[in-house]
Structures are given as C-alpha cells and as structure tokens.
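K.L.:
Please find one structure pasted underneath; my questions will follow.
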Amino acid sequence: MTPLTRRRAIPLTLGTALALPGILKYSRAHAAEFALKYANNLPQTHPMSVRMMAAAEAIRAETGGKVDVKVFPNNQLGGDTDMLNQLRMGAIDFFTLSPLILSTLVPKVAISGIGFAWSGYDKVWPALDGELGASMRAEIQKAGLYAFPKIFDNGFRQITTSTKPIRDPNDLVGLKIRVPPGQLWTSMFKAFGSSPMTINFAEVYTALQTKIADAQENPLAVIDTAKLYEVQKYLSKTNHMWDGFWLLASGKIWPKLPADVKAVLQKHFTEAALRERDDVFKLNATLEQGLKAKGMMFNDVDTHLFQAKLQSAGFYTEWKAKFGADLWKLLEKSSGASL
C-alpha cells in the first residue's frame with residue numbers, strides 16, 4: 001500500500017460540494033482521494049504541531065474531504081534520522097526538520113545555523129524568506145526533496161545544564177552536552193572544548209534524567225513543551241544559534257500531486273508557518289517567567305566572548321571553506337555579521 005492513496009473522483013452534488021481553486025469539488029461523505037502523512041519531532045502542544053493540525057483541518061474542509069493530511073507529532077513515526085529516511089522513501093509525505101539536522105543529507109543548508117550569526121528576528125526573516133532561503137531551498141531540491149517557501153520558527157537556542165550555569169566560554173570546557181544529529185553542532189561545541197553527544201530528540205529527556213548528558217541546548221518553547229525543566233536546573237541565555245524547521249515534501253509524492261491539490265496545500269501550510277512564527281515569538285515573551293516558576297535559574301551572557309572564542313578556534317574559517325565564499329558572503333550580507 002503506497003502512502004499516497006488516490007481513489008476515483010466522486011460525482012459532484014450541489015448539496016455537498018465545496019468550491020476550490022481550479023476544479024476541486026468533492027463530497028464530504030466519501031473517503032479521501034489523497035491520504036497523506038505529516039510527521040514531526042515536537043510535542044502535540046508545541047505551536048508547530050498545533051498549527052499543522054489546524055492546517056490539516058482547513059485542507060480537509062476546503063477540499064470537501066478529498067485531501068486528508070494525518071498529523072503525527074512527537075516522534076510517533078520515529079526519530080529525526082529515521083523519519084528523514086522515510087520521507088525520502090515516500091513512506092511519509094511531509095516532515096518538518098531543522099536545517100541543521102537536514103545538513104546530514106544537504107550539507108549547505110546548515111548555513112542558517114552558524115553560531116552567533118543572528119542578532120534578532122529582524123535579520124532572520126528577511127534572509128530566510130529572501131535570497132538566503134532561496135539558496136537553501138535550491139540545495140534541498142537537488143537532494144530530491146521539496147521545501148515549502150516559508151520556514152517555521154524553532155527559535156534562538158539556549159543552553160541548559162543540571163550542574164552549573166554557563167557564564168563564559170570556559171564553563172563549556174569538558175561539558176557533556178547533548179546535540180542533535182548534525183556536524184555543525186558537534187563542530188561548534190568541540191571548538192568550545194565541550195564533549196558533545198549526538199542523541200535524537202526522542203531520547204533527550206531520558207539521557208538527561210540518567211546523566212548520560214549533563215546539558216542540552218534548545219529554544220525556550222521546546223524546553224517547556226518537552227518538560228526539560230524537570231531534568232535541568234540552569235538556563236543560560238546564549239542565543240547561540242537561530243533554528244527553524246523546513247517543511248519538506250517527499251520527492252516521490254510531491255510531483256505526482258495535481259496542481260490544484262498542491263495549491264491548497266501551499267496555501268494552508270504557508271499560513272500555518274506564518275502563524276506559528278507569531279505564536280513562538282509571543283510564547284517566548286512569557287516562557288522565561290513560566291520556566292523560572294518551574295524551578296529553572298536563568299542567567300545572561302556576553303555573546304561577544306563566545307563569538308571571539310569561535311573565531312580564535314578557527315571555527316568560522318573552517319565553515320566558510322565548507323560552505324564556499326559565495327554562500328558565506330550571502331550569510332554575512334543577510335545577517336549583518338562579520339564572521
């Protein structure tokens with residue numbers, strides 16, 4: 001049984017039909033002509049999961065039930081690397097993934113996650129919706145996947161620990177810190193003298209609880225929704241990386257979908273991404289107080305000290321050579337940083 005299930009079109013009846021762009025007019029009373037799977041690695045309560053579930057409902061409504069997108073949040077279909085493989089094989093139709101993890105397949109998309117490159121969202125969104133994002137999507141296309149135009153927000157990443165606060169780069173030396181699968185994370189924390197450990201997100205809570213790792217790094221919304229405050233005490237506001245989620249479509253499925261179906265999916269997935277960005281921004285404004293109330297201890301850092309350490313360790317020189325001068329120039333143009 002293939003993931004893309006297509007049945008004979010239902011004859012139009014005036015009582016049940018819904019008008020769509022183009023020719024989509026189908027009865028709600030019949031099974032979906034296109035049954036599609038979307039998966040992610042985040043809890044059901046995370047804004048991205050919430051918005052994608054809302055998008056799936058809107059798609060069903062607008063197509064009169066012709067297109068049914070089933071949402072599988074919280075690693076229900078496997079870990080990141082497993083779900084990426086399923087996407088490539090066509091067993092999953094849509095999957096949201098950090099470009100830093102996607103870089104295991106498409107190396108150059110990690111460019112948006114370079115440490116301490118972004119000063120704020122006023123730089124991030126014009127870049128990812130503009131030239132830099134277009135370059136990244138072109139690289140993804142070469143790998144046989146389709147990336148939707150608007151990237152979802154994961155947020156600026158912060159370091160949490162169970163042992164001590166991180167106040168300057170020296171506090172990172174020897175730290176057993178969990179990082180996602182992706183060379184950029186490992187490279188950056190090795191430059192700080194840490195001991196990075198690659199662990200899929202589905203196993204992070206247990207790894208921290210059992211002290212396999214003493215630290216991890218994630219945006220506030222993930223720390224909160226995954227309840228990492230239960231196994232971590234300190235949160236250092238490093239803002240060391242901005243991270244997002246590209247919504248990806250399987251290259252085995254996307255080209256086979258009719259243009260009118262693609263148009264409806266594009267419309268509602270784009271709306272979901274833009275609303276999720278706003279959700280995360282608003283959520284971050286309240287999460288610090290909420291996490292403090294749950295027992296986490298916060299501290300600010302001087303990010304220039306961390307950037308200087310990466311420069312002296314040759315981190316930026318190494319990654320500029322890997323990405324190439326042209327892409328690096330586009331990063332600096334977009335971010336306004338001199339790395």
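K.L.:
For region 256-271, which residues satisfy the criterion of being hydrophobic (A, V, I, L, M, F, W, C), in contact with a Phe, Trp or Tyr (Cβ under 8 Å, 6 or more places away or on another chain) and under 19 Å from Met48 (Cα atoms)?
P.N.:
Once the filter is applied, which keeps residues that are hydrophobic (A, V, I, L, M, F, W, C), in contact with a Phe, Trp or Tyr (Cβ under 8 Å, 6 or more places away or on another chain) and under 19 Å from Met48 (Cα atoms), region 256-271 yields only Phe269.
K.L.:
Scan region 29-48 and tell me whether some residue there is over 23 Å from Pro255 (Cβ atoms), modelled with pLDDT under 90, aliphatic (A, V, I, L, M) and touching a strand residue (DSSP E or B) at 6+ places or on another chain (Cβ under 9 Å).
P.N.:
yes
For every residue, the table says whether it meets (1) surrounded by 23 or more Cβ atoms within 10 Å (Cβ to Cβ); (2) assigned by TED's automatic domain parsing to the domain that holds His304; (3) without any contact (Cβ under 8 Å) to a residue 12 or more places away in the chain.
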| position | (1), (2), (3) |
| --- | --- |
| Gln141 | no, no, yes |
| Thr160 | yes, yes, no |
| Pro169 | no, yes, no |
| Thr186 | no, yes, no |
| Gly193 | no, yes, no |
| Pro196 | no, yes, no |
| Val204 | no, yes, no |
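K.L.:
Pairs needed: first member in region 295-314, under 21 Å from Leu220 (Cβ atoms); second member anywhere, hydroxyl-bearing (Ser, Thr, Tyr); C-beta distance under 6 Å; at least 6 residues apart or different chains.
P.N.:
Met296/Tyr229; Met297/Tyr234; Asn299/Ser236; Val301/Ser236; Val301/Thr238
K.L.:
Within region 115-124, track down each residue that is out of contact with any Gly (no Cβ under 9 Å at 6 or more places or on another chain) and assigned to a helix (DSSP H, G or I).
P.N.:
The answer is Tyr121, Asp122.
K.L.:
Now, a different point. When you scan region 88-104, how many residues do you find that are among the aliphatic types (A, V, I, L, M) and under 15 Å from the mean Cα position of the chain (by Cα)?
P.N.:
Residues flagged as among the aliphatic types (A, V, I, L, M) and under 15 Å from the mean Cα position of the chain (by Cα) within region 88-104 amount to 4.
K.L.:
Thr286 versus (1) of a type outside the set (Gly, Ala, Ser); (2) within 19 Å of the chain's Cα centre (by Cα); (3) farther than 27 Å from Val69 by Cα: which is the lone unmet condition?
P.N.:
In the conditions (1) of a type outside the set (Gly, Ala, Ser); (2) within 19 Å of the chain's Cα centre (by Cα); (3) farther than 27 Å from Val69 by Cα, Thr286 misses (2) alone.
K.L.:
Here's a follow-up. Can you name every residue in region 240-283 that is surrounded by fewer than 17 Cβ atoms within 10 Å (Cβ to Cβ) and of a type in the set (S, T, N, Q)?
P.N.:
Gln266, Thr270
K.L.:
Still on this structure: Hey, among Leu87, Leu77, which residue is within 16 Å of Leu248 (Cα to Cα), in a loop (DSSP other than H, G, I, E, B), touching a residue at least 24 places away in the same chain (Cβ under 8 Å) and assigned by TED's automatic domain parsing to the domain that holds Pro255?
P.N.:
Step by step, each of Leu87, Leu77 is checked, and only Leu77 is within 16 Å of Leu248 (Cα to Cα), in a loop (DSSP other than H, G, I, E, B), touching a residue at least 24 places away in the same chain (Cβ under 8 Å) and assigned by TED's automatic domain parsing to the domain that holds Pro255.
K.L.:
In region 216-252, which residues are more than 19 Å from Asn74 (Cβ to Cβ) and outside any strand (DSSP E or B)?
P.N.:
Within region 216-252, Gln232, Lys233, Thr238, Asn239, His240, Met241, Gly251, Lys252 meet the criteria.
K.L.:
Can you tell me which residue is farthest from Ala226 (Cα to Cα) among those in region 35-58 that are surrounded by 23 or more Cβ atoms within 10 Å (Cβ to Cβ) and among the hydrophobic types (A, V, I, L, M, F, W, C)?
P.N.:
Leu36
K.L.:
Where in region 255-339 are the helices (runs of 4 or more DSSP H), entirely inside, with at least 2 residues that are closer than 30 Å to Tyr146 by Cα?
P.N.:
So the answer is 259-293, 315-323, 325-335.
The values are calculated or read from the model by the stated rules, or taken from the named source; none is laboratory data. As the structure is a prediction and not an experimental result, all values here were calculated from the model. Cβ sites come from the backbone with ideal geometry, for glycine too, and all protein chains shown count toward neighbours.
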